[in-house]
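Comments concern the structure below.
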Amino acid sequence: MSSNATCSDMFTLRGDLGAPSFLPWIARHAGRLGIIGRVTAASADEVSLLVEGPPDLVDAMELGVSLGPIDVWVESIKRERLLSRP
Amino acid sequence: MTDTPMLNEWYPVGILTQLTKAGRDTLLMGEAINVACDSLGAPVVSAEDGRTLPVRARYGHVWTSLGSPTKELFDIPEADQPGRRLVDVGVVRVKCSPLRAVENFLDIAHFPFVHTDILGAEPHTEVQRYEVQIREEVDEVWATKVKFYQPQAAKSAAGGITTDYMYRVPAPTVSILYKTCPPRPGEWDVITLFVQPMAEDLCQVWPWMALFDDQTPMTDLIHFQQMIFLQDRSILENQLPRLLPLDPGMEIPTRADMTSVAYRRWLKRHGFTYGAQLVAA
Amino acid sequence: MALSRDVPPQVVIPTFVDGRELAVWRSQSGRIAAWDDRCPHRGMRLSHGFVRGESLSCIYHGWSYNEAGLCQRIPAHPDLVPPEAIRVPTVAAVESDGIIWVASEPASQPPPTLTGLVALRSLTVEAPATAIATAAGMPIDQDGALRPDLAGIACVLLVQPIPGDRTVLHVLVASNASPAAQAAVSRALEDLRRRVESERLAA
């Protein structure tokens with residue numbers, strides 16, 4: 001894929017995700033990567049997150065989110081490729 | 001003394017062949033301890049209040065714990081494999097978190113810049129995708145299928161080769177590296193980093209190796225590894241924050257940092273926070 | 001807060017202003033920049049980095065940044081075009097009369113003009129600025145400078161506090177001061193330092 005390719009993935013996060021710090025943390029981290037990170041659904045144990053941007057940065061978002069703030073535990077992340085534009 | 005799950009783990013505190021009866025005073029997680037040997041040469045470790053601590057003698061080093069470990073010291077089968085040279089590299093003191101020292105050892109993207117023309121060189125800087133998992137059955141972090149082009153991968157390597165690596169974290173402050181062994185294709189050279197947590201921002205690193213290499217003199221093997229580690233020290237003592245952030249709020253991990261992220265997740269899950277920073281600075 | 005000649009082309013050095021660790025560097029074409037001394041990737045000090053052409057790179061993983069502080073290359077992922085969001089916070093840096101001035105908040109007034117003066121040397125003193133001012137027997141003026149006569153020669157000492165209750169003095173003398181006069185000032189400076197530091201030890 002060329003260097004300005006982008007893709008959009010739906011992340012399904014599972015774990016102990018209820019802490020109020022989590023959604024603002026996600027927004028900040030997406031901003032720091034310069035990509036779109038929109039939460040489409042959120043509950044105490046599951047969060048759906050639409051992530052759009054260059055593939056390497058979407059990977060970076062997954063890594064960052066897998067850690068998140070200290071009061072959150074992300075047990076697993078399922079990724080589903082919705083769209084990719086070479 | 002801090003009460004953390006890390007208390008009940010094994011930590012390296014000395015080299016077996018260098019013990020004396022009088023012993024040497026050192027620090028373990030903020031507590032003063034003395035590392036000595038008895039009249040038969042067996043290691044004895046005592047704490048500040050005089051109590052003797054549990055001891056294991058393994059992989060050329062003395063291991064002890066301030067708490068009561070629930071499991072035995074991790075295993076390195078290769079250590080008992082005939083034909084390997086076992087190398088006690090020595091000790092390097094580093095003013096950084098013991099967890100930062102381990103994280104640095106799990107990273108290959110820095111080879112071309114920190115270990116230039118030895119473990120890596122420009123323009124061979126790309127980090128190919130590799131695999132990382134926490135192996136539940138042994139509760140260890142493993143990175144596999146790691147490949148990197150290296151100008152001089154080991155003393156025994158003649159020229160530049162694409163080196164295969166595996167990384168393993170069997171304990172909070174121990175990292176083991178398995179790398180392609182030039183003279184013995186199909187076998188792995190074993191290079192380990194045993195880290196003694198002296199304080200949350202101070203540690204001593206005891207590298208140890210089990211190699212197939214019959215040509216290189218022992219002193220060259222030791223100097224090669226010490227030089228590599230001294231190059232790392234100038235990095236480790238200039239990273240902000242000094243403790244290891246478990247929340248990457250001030251950092252930008254990319255795919256090349258996958259092993260570091262898995263290590264931090266593993267620490268977070270176990271509550272291994274001695275030397276960690278919980279909230280992003 | 002550095003002497004221009006201490007930052008020749010393609011060199012980066014650490015400095016400290018208003019509680020902030022900064023990396024000051026000069027590109028190949030001579031352009032000065034002052035940034036937070038911390039790489040956004042994993043927190044390595046950028047003052048340990050290397051300059052190539054018009055960009056500064058971090059020594060740890062080689063992430064390189066252009067003069068505006070924007071990340072332009074991540075060697076481990078060569079095909080990735082780094083987004084503008086990955087950048088190093090920068091501060092205003094101005095160079096005049098051989099001195100590099102840095103202001104962490106937007107500088108209200110331009111740096112003082114020091115025409116007719118030439119930079120002699122920078123000197124680190126193991127004492128806070130106040131102790132130096134009392135030893136020199138004068139207050140620090142609104143330019144943040146002391147203006148004593150050393151060895152009978154009018155000098156300007158630009159005072160830069162740094163961590164650990166220490167201070168860096170950037171010393172200027174008249175541009176027509178003879179080499180002998182400059183050496184005398186330098187010696188007098190070291191006497192002043194010795195006096196201040198020994199007083200602190202005695203206290």
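The table below lists the values:
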read-out	value
Total residues in the stretch A:27-86, condition away from chain C (no Cβ under 12 Å), open to solvent by 60 Å² or more (accessible area, probe 1.4 Å) and among the charged types (D, E, K, R)	10
Search result, residues across the stretch C:37-58 that are open to solvent by 40 Å² or more (accessible area, probe 1.4 Å) and in contact with a strand residue (DSSP E or B) (Cβ under 9 Å, 6 or more places away or on another chain)	C:R38, C:R45, C:H48, C:F50, C:R52
Unmet criterion (only one of (1) more than 14 Å from chain C (Cβ to nearest Cβ); (2) more than 23 Å from B:G60 (Cβ to Cβ); (3) in contact with a strand residue (DSSP E or B) (Cβ under 6 Å, 6 or more places away or on another chain)) for B:W188	(2)
Members of the stretch B:232-243 that are more than 15 Å from the chain's Cα centre (by Cα) and at the interface with another protein chain (Cβ under 10 Å from one of its Cβ atoms)	B:S234, B:I235, B:E237, B:N238, B:Q239, B:L240, B:P241, B:R242
Strands (runs of 3 or more DSSP E) wholly inside the stretch A:1-68 containing at least 1 residues that are touching a residue at least 60 places away in the same chain (Cβ under 8 Å) and farther than 19 Å from B:D247 by Cβ	A:6-16
The stretch A:2-26: number of residues that are open to solvent by 30 Å² or more (accessible area, probe 1.4 Å) and away from chain C (no Cβ under 14 Å)	8
Residue selected from the stretch A:43-86 under the condition of a type in the set (D, E, K, R) and within 13 Å of A:S8 (Cα to Cα), by the criterion nearest to the chain's Cα centre (by Cα)	A:E62
Any hit, the stretch C:87-100, residues being part of a loop (DSSP other than H, G, I, E, B) and away from chain A (no Cβ under 14 Å)	yes
Top-ranked residue of the stretch B:1-30 - restricted to ones that are open to solvent by 20 Å² or more (accessible area, probe 1.4 Å) and in a strand (DSSP E or B), ranked as farthest from B:L267 (Cα to Cα)	B:R24
Qualifying residue in the stretch B:32-40 (condition: buried (at least 17 other Cβ atoms within 10 Å of the Cβ) and closer than 17 Å to B:A171 by Cα)	no
Filter result for the condition that a residue is facing chain C (nearest Cβ under 7 Å) and in contact with a Leu (Cβ under 9 Å, 6 or more places away or on another chain), over B:I252, B:I228	B:I252
Tabulated pairs, the stretch B:112-123, first within 11 Å of chain C (Cβ to nearest Cβ) and touching a residue at least 40 places away in the same chain (Cβ under 8 Å), second part of a helix (DSSP H, G or I) and surrounded by fewer than 20 Cβ atoms within 10 Å (Cβ to Cβ), C-beta under 7 angstrom, 6+ apart or interchain	B:V114/B:Q231
Near pairs, Cβ below 6 angstrom, 6+ apart or cross-chain, from the stretch C:188-203 (touching a residue at least 12 places away in the same chain (Cβ under 8 Å) and under 25 Å from C:L120 (Cα atoms)) to any residue that is open to solvent by 80 Å² or more (accessible area, probe 1.4 Å) and outside any helix (DSSP H, G or I)	C:E197/C:E126
Selection count, the stretch B:55-110, where residues are within 14 Å of another protein chain (Cβ to nearest Cβ) and farther than 22 Å from B:E31 by Cα	8
Hits in the stretch C:47-64 - residues which are of a type in the set (S, T, Y) and more than 13 Å from every other protein chain (Cβ to nearest Cβ)	C:S55
Filtered residue count, the stretch C:169-196, keeping only those that are farther than 25 Å from C:S96 by Cα and open to solvent by 50 Å² or more (accessible area, probe 1.4 Å)	7
Residue check for C:P75: touching a residue at least 12 places away in the same chain (Cβ under 8 Å) and either within 14 Å of chain A (Cβ to nearest Cβ) or polar (S, T, N, Q) (or both)	yes
Which listed residue, of C:R200, C:R147, C:R166, is closer than 14 Å to C:M1 by Cβ, touching an Asp or Glu at 6+ places or on another chain (Cβ under 8 Å) and open to solvent by 50 Å² or more (accessible area, probe 1.4 Å)	C:R166
Elements of type strands (runs of 3 or more DSSP E) in the stretch C:2-45, at least 3 residues being of a type outside the set (F, W, Y) and within 30 Å of B:E103 (Cα to Cα)	C:11-17, C:20-26
Counted residues, the stretch B:122-150 - those being open to solvent by 10 Å² or more (accessible area, probe 1.4 Å) and in contact with a helix residue (DSSP H, G or I) (Cβ under 6 Å, 6 or more places away or on another chain)	3
Residue within the stretch B:209-223 that is open to solvent by less than 40 Å² (accessible area, probe 1.4 Å), of a type outside the set (D, E), out of contact with any helix residue (DSSP H, G or I) (no Cβ under 9 Å at 6 or more places or on another chain) and under 26 Å from B:K95 (Cβ atoms) present	yes
Residue tally, condition assigned to a strand (DSSP E or B) and without any contact (Cβ under 8 Å) to a residue 24 or more places away in the chain, over the stretch C:121-145	0
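Table: residues versus (1) surrounded by fewer than 23 Cβ atoms within 10 Å (Cβ to Cβ); (2) not charged (D, E, K, R); (3) not assigned by TED's automatic domain parsing to the domain that holds B:R255.
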| residue | (1), (2), (3) |
| --- | --- |
| B:G50 | yes, yes, yes |
| B:P69 | yes, yes, yes |
| B:Q81 | yes, yes, yes |
| B:R93 | yes, no, no |
| B:H115 | yes, yes, no |
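The values are calculated or read from the model by the stated rules, or taken from the named source; none is laboratory data. Computed from a predicted model, the values in this text were never measured in an experiment. With ideal geometry, Cβ positions are generated from the backbone for all residues, glycine too; neighbour counts draw on all protein chains shown. The area values use the complete protein model at the heavy-atom level, side chains included, leaving out ligands, DNA and RNA. Shrake-Rupley method; radii C 1.70, N 1.55, O 1.52, S 1.80 Å.
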